[in-house]
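Quick notes on the structure that follows.
The values are calculated or read from the model by the stated rules, or taken from the named source; none is laboratory data. The structure presented is a predicted model; accordingly, all values stated were derived computationally and were not measured. Counting neighbours? That spans all protein chains shown, and the Cβs are built from the backbone with ideal geometry, glycine included.
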Amino acid sequence: MNKRMALLLAAAAAALACATASAAEWTYAAYMAAMKESGRNTTITAADWQAIQDKKPKAMKLIETYLKERLGSADPQVMKAFEQVPREYFHYQYAEKHAFAREAYEENPKPWAIGYGSALSDYLGQVYMTQVAKPTPDSVTLEIGTGSGYQSSLLSRIVKRAYSVEIIEPLGKAVSKIFSPLGYDNVSTRVGDGYYGWPDAKDGFDIIIVTCAAQYAPPELFKQLKPGGRLVIPIGQPFKKGQFLYIYTKDAQGKIHSRKDVGVFFIPMTGEMMKKAQLTGADAPQATKP
């Protein structure tokens with residue numbers, strides 16, 4: 001290959017890389033195209049979209065401060081994931097079929113109803129759960145309660161593969177269409193009862209995050225947790241105060257250890273959990289404090 005040909009090939013490669021980066025850039029046009037591809041309506045204007053972007057740096061600073069105060073540090077991977085994932089894209093009311101992207105990055109984070117009895121959790125809680133789950137690039141994760149899809153999207157920017165189960169069929173089917181337009185090809189979702197996890201996933205999971213309040217940790221989730229894995233789950237009675245986040249770990253011998261973490265408030269886990277709410281004694285999952 002002569003020098004001229006090598007220079008031409010290098011220039012072509014640089015142009016292709018530039019075009020690819022440009023195509024991946026999150027712009028108003030990219031937002032509108034992704035919303036259309038995912039089959040969702042939006043009336044957000046270019047000015048609205050820019051106003052949303054202008055609020056994001058302040059939200060980033062709030063998250064950093066929040067994580068440092070509660071966990072001692074803000075994991076750079078978690079911060080980068082929050083920066084990469086466009087939260088406004090997930091602010092959508094599925095039952096009423098309208099976007100409320102203007103509310104993304106609010107100064108006082110709170111949960112938002114997204115239809116069918118489900119909610120998009122506040123972003124401080126979501127980054128907190130992400131960090132305590134300790135995801136790594138080699139992790140395979142499972143989320144119980146897909147909801148808006150935001151939690152699994154955050155994880156997908158860090159981990160090898162992210163799975164998610166949603167029990168509400170119309171929500172689960174609609175949300176399954178939102179990942180591809182963003183290029184998130186390492187996320188798999190299904191409609192089903194999260195009480196049973198994802199039993200046919202090969203080799204189980206390094207991390208399981210439950211984003212609805214269970215009355216106890218479902219035994220099937222412990223079975224699907226790999227040795228060394230972590231289960232992050234809110235436990236408490238439906239629609240009542242006194243819910244707490246619990247962090248379970250499985251050691252190399254398969255023994256389960258538990259730690260009670262912060263107080264939380266989540267919508268309840270439905271399905272089989274409600275039918276077996278009195279699971280106690282020998283049938284209940286056993287754990288020991290580390």
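Annotations for the structure displayed:
- Of the residues contained in the range 78-94, one or more are found to be over 28 Å from Lys160 (Cα atoms) and within 21 Å of the chain's Cα centre (by Cα).
- Listed by first and then second residue, the pairs linking a residue in the range 163-177 that is of a type in the set (Phe, Trp, Tyr) to a residue that is surrounded by fewer than 19 Cβ atoms within 10 Å (Cβ to Cβ) and modelled with pLDDT under 95, with Cβ atoms under 9 Å apart and 6 or more places separating them unless they lie on different chains, are Tyr163/Ala201.
- For the range 22-41, the condition holds for at least one residue, the condition being that it is exposed (fewer than 12 other Cβ atoms within 10 Å of the Cβ), in a helix (DSSP H, G or I) and modelled with pLDDT of 95 or more.
- Listed conditions (1) within 19 Å of Gly271 (Cβ to Cβ); (2) in contact with a Ser or Thr (Cβ under 9 Å, 6 or more places away or on another chain) are all met by Met129, apart from (1).
- Of the helices (runs of 4 or more DSSP H) lying entirely inside the range 150-229, the ones with 2 or more residues being within 17 Å of the chain's Cα centre (by Cα) are found at 150-156, 169-175.
- Neighbours by Cβ (under 8 Å, 6+ apart or cross-chain): first from the range 243-264, within 14 Å of Ala214 (Cβ to Cβ); second at pLDDT below 90 and hydroxyl-bearing (Ser, Thr, Tyr): Ser258/Thr288
- Candidates Thr146, Thr211, Thr189 - the one that is buried (at least 18 other Cβ atoms within 10 Å of the Cβ), more than 30 Å from Lys58 (Cβ to Cβ), touching a Ser or Thr at 6+ places or on another chain (Cβ under 7 Å) and not aliphatic (A, V, I, L, M): Thr189
- The residues of the range 71-111 that are among the β-branched types (Val, Ile, Thr) and either under 17 Å from Trp26 (Cβ atoms) or surrounded by fewer than 15 Cβ atoms within 10 Å (Cβ to Cβ) (or both) amount to a single one, Val85.
- The requirement of being under 25 Å from Glu96 (Cα atoms) and of a type in the set (Phe, Trp, Tyr) is fulfilled nowhere in the range 185-206; no residue meets it.
- Condition met for Thr130 (at pLDDT 95 or above, farther than 21 Å from Phe239 by Cα and assigned to a helix (DSSP H, G or I)): yes
- Contacts under 6 angstrom Cβ, first residue in the range 43-59 being under 11 Å from Glu106 (Cα atoms) and in a helix (DSSP H, G or I), partner aromatic (Phe, Trp, Tyr) and modelled with pLDDT of 95 or more, 6 or more apart: Lys55/Tyr105; Lys56/Tyr105; Ala59/Tyr105
- Matching residues in the range 127-143 - criterion: being charged (D, E, K, R), surrounded by fewer than 24 Cβ atoms within 10 Å (Cβ to Cβ) and more than 19 Å from Ile63 (Cα to Cα): Asp138
- One residue alone among Pro227, Pro219, Pro199 is more than 25 Å from Ser148 (Cβ to Cβ), of a type outside the set (A, V, I, L, M) and out of contact with any Gly (no Cβ under 7 Å at 6 or more places or on another chain), and that residue is Pro219.
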